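*Asks:* Here's a structure for you.
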Amino acid sequence: MHDLDFLLGSISCVLNTGTKMTGEIRPVLGGSYYEFQLTVNRENGQQVNGKFVLGWNAADEVFSSYYYDDAGMQGSSTSPGWFDGRLTFEGRYTLGEEHADLRTVFKRIDEDHFIVEELILQDGEWKLLDTQDTHRTPLQ
């Protein structure tokens with residue numbers, strides 16, 4: 001789980017779409033998982049609250065995640081861990097009756113700054129959905 005410690009703390013993100021996201025990532029269940037409680041404030045005034053739970057799946061030897069929010073989006077993804085300076089999760093998500101394969105790529109800039117790229121699989125190609133410029137304040 002220590003590979004994910006860079007996430008722990010208060011998070012503030014600005015997406016390239018202008019959307020802002022804030023929240024807090026804390027260890028839960030004795031540190032076996034990290035839980036991100038987030039609030040997304042879209043430019044149109046809509047607010048979405050969600051949870052992103054990450055942990056190590058020892059049986060499959062991958063990081064696994066589960067996401068859900070009050071807008072009806074949910075899904076899960078996995079990551080083998082860091083490779084070439086990137087932590088990449090891939091999985092299947094739903095929003096209502098729509099299904100999509102999504103990829104989330106974390107790139108650390110420094111101790112308290114990272115970039116998240118969200119991509120969607122369309123017509124056999126990964127296409128960029130958004131980029132999240134993310135800053136954190138570590139847990140006290």
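*Asks:* Scan the stretch 1-17 and report the pairs whose first residue is touching a residue at least 12 places away in the same chain (Cβ under 8 Å) and whose second residue is surrounded by fewer than 18 Cβ atoms within 10 Å (Cβ to Cβ) and aliphatic (A, V, I, L, M), with Cβ atoms within less than 6 Å and a gap of 6+ or a chain change.
*Replies:* Pairs that qualify, where the first residue is touching a residue at least 12 places away in the same chain (Cβ under 8 Å) and the partner is surrounded by fewer than 18 Cβ atoms within 10 Å (Cβ to Cβ) and aliphatic (A, V, I, L, M), are LEU8/LEU139; GLY9/LEU139.
*Asks:* Only one residue in TYR93, TYR66 is out of contact with any Pro (no Cβ under 8 Å at 6 or more places or on another chain) and touching a residue at least 24 places away in the same chain (Cβ under 8 Å). Which one?
*Replies:* TYR93
*Asks:* Something else: Restricting attention to strands (runs of 3 or more DSSP E) lying wholly within the stretch 1-120, give those where 1 or more residues are closer than 18 Å to GLN132 by Cβ and open to solvent by 80 Å² or more (accessible area, probe 1.4 Å).
*Replies:* Hits in the stretch 1-120: 20-28, 33-41, 47-57, 86-95, 98-110.
*Asks:* Looking at the stretch 49-56, is at least one residue in contact (Cβ under 8 Å) with a residue 60 or more places away in the chain and not β-branched (Val, Ile, Thr)?
*Replies:* Within the stretch 49-56, not a single residue is in contact (Cβ under 8 Å) with a residue 60 or more places away in the chain and not β-branched (Val, Ile, Thr).
*Asks:* State which residue pairs qualify: first residue without any contact (Cβ under 8 Å) to a residue 12 or more places away in the chain and within 9 Å of ASN16 (Cα to Cα) and inside the stretch 126-140, second residue open to solvent by 40 Å² or more (accessible area, probe 1.4 Å) and of a type in the set (D, E, K, R) in any location, beta carbons under 9 Å apart, and separation of 6 or more residues or different chains.
*Replies:* Sorted first by the residue in the stretch 126-140, then by its partner, the list stays empty.
*Asks:* So, one more: If we scan the stretch 128-136, do we find a residue that is more than 25 Å from SER32 (Cβ to Cβ), crowded, with 16+ Cβ neighbours inside 10 Å and hydroxyl-bearing (Ser, Thr, Tyr)? Working first, answer last.
*Replies:* Our first condition is that a residue be more than 25 Å from SER32 (Cβ to Cβ); within the stretch 128-136, this holds for 128-133, 135.
Next, only the ones that are crowded, with 16+ Cβ neighbours inside 10 Å stay: 129, 131-132.
Applying the additional criterion that residues be hydroxyl-bearing (Ser, Thr, Tyr) yields 131.
Yes, there is a match, as at least one residue in the stretch 128-136 is more than 25 Å from SER32 (Cβ to Cβ), crowded, with 16+ Cβ neighbours inside 10 Å and hydroxyl-bearing (Ser, Thr, Tyr).
The values are calculated or read from the model by the stated rules, or taken from the named source; none is laboratory data. Because the structure is predicted, anything quoted here is derived from the model rather than measured. Methodologically, a virtual Cβ is constructed for each residue, glycine included, from the backbone with ideal geometry; neighbour enumeration extends over all protein chains shown. Ligands, DNA and RNA are stripped out before the accessible areas are found, and what is left, the full protein with its side chains, is counted by its heavy atoms. Shrake-Rupley method; radii C 1.70, N 1.55, O 1.52, S 1.80 Å.
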